[in-house]
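First, the structure itself, so that you have it in front of you.
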Amino acid sequence: MSAQQPGQCIVCGAETNKRCSACATAGIDLFFCSPEHQKLVWHTHRRVCGSSLSPAPHPWLSKKEAAEAFANFDVLQRMWHGGDESVSTSMQAILKCRAEDAKDLLKFFAEGETHPYDTWSSQSVITETRNTEYLRKSGDNDLNNVIGDYDIYTVINQLWNYLLPMTPTAAHWYSEAHHLVAILLTLIQLQKTGNPAVTLDIQAGSGVPFADWTLSRLRKAIDTSTMTLHIPLDTAGGATTRSKAG
C-alpha cells in the first residue's frame, strides 16, 4: 500500500491515506486502512489488481472456469434472447473459427496462458463464456442466492447489467468501477458468512458515474427487514439446458 491523499477504506469506511500501490500505478484509487482489510478481498481482487481493464478485457477465465467451460463445451443453453447457444457456438461466431478448432482455442482466454486475440474478441469470448456457464449452472434469478456458489467474475456481468444496462466498458471510468464492484461482491459474500469485519459501510457509488442512479438501484434491491441485498438476474424465467443437438 502507498500513502497519498486520504480516502475511505473500501472494507470498513474508515478514513485512511493508505491505498493499493499496484492499482495506484494503474491510476486506480483503492483505499484500505490496514493490510488485514486488503487481505479480506485479495482472493478476488488479485485477478485485477494493477490492471487497467479499460480497454483491456475482463479478468481472464480462471483455471477452474476454463476447465468447467471445456467440460461443458457443447452443452446448448437457452439464452436470454431466446436462442440456443453453447460455449462452442459462441466462440465460433466471435472468432469465425471452425467447430473442430474452437475447443482448442479456449485455453487462450484463461489466466496464465498466451493471449493472442485482440481486445474486442477476447472480451466477447470471456463474457459469453461466463454468461453461458452461469445460465447452465443456475436457474435462480436472485444474485443473493448465488453469491458464494460461483466465481465472482462469473456473476459480475449480471450485477453490472442491473446497475447500468449495456455497461460502457470502454469508458474511462469503467476500470476503477469494475475493481470496486468486484470488491463489493466479495464483501457481500463475506458478510453472508457472518464475517464480523465486514459491515458494508462503504460508498457504493464511489468512482462510478451516475452515482445517484447506481445507489438508487442498490437501495431498491435491499430488503430492509433483513438488510439483505436481493438483485434480480436476467435468467429469462429460468435456464433450459440440454445436450448438443444431433
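Can you work out which of the residues in region 29-44 that are among the polar types (S, T, N, Q) and surrounded by 17 or more Cβ atoms within 10 Å (Cβ to Cβ) is farthest from ILE183 (Cα to Cα)?
GLN38
On to the next question. How many of the residues in region 67-84 are at pLDDT below 95, outside any loop (DSSP other than H, G, I, E, B) and not charged (D, E, K, R)?
So the answer is 2.
Consider region 1-13. How many of its residues are over 17 Å from ILE188 (Cα atoms) and surrounded by fewer than 18 Cβ atoms within 10 Å (Cβ to Cβ)?
Residues in region 1-13 being over 17 Å from ILE188 (Cα atoms) and surrounded by fewer than 18 Cβ atoms within 10 Å (Cβ to Cβ): 6 in total.
Would you check which residues across region 82-108 are touching a Ser or Thr at 6+ places or on another chain (Cβ under 9 Å), buried (at least 16 other Cβ atoms within 10 Å of the Cβ) and among the small types (Gly, Ala, Ser) and list them?
Correct list: SER86, SER90, ALA102.
Residues that are within 20 Å of LYS192 (Cα to Cα) and at pLDDT 85 or above: does region 14-37 have at least one?
Within region 14-37, one or more residues are within 20 Å of LYS192 (Cα to Cα) and at pLDDT 85 or above.
Here is a yes/no grid of residues against (1) touching a residue at least 40 places away in the same chain (Cβ under 8 Å); (2) surrounded by fewer than 17 Cβ atoms within 10 Å (Cβ to Cβ); (3) among the β-branched types (Val, Ile, Thr):
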| position | (1), (2), (3) |
| --- | --- |
| GLU15 | no, yes, no |
| GLY27 | yes, yes, no |
| PRO59 | yes, no, no |
| LYS64 | yes, yes, no |
| PHE73 | no, no, no |
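The values are calculated or read from the model by the stated rules, or taken from the named source; none is laboratory data. Computed from a predicted model, the values in this text were never measured in an experiment. Quick reminder, even Gly has a Cβ in these numbers, built from the backbone with ideal geometry, and neighbours come from all protein chains shown.
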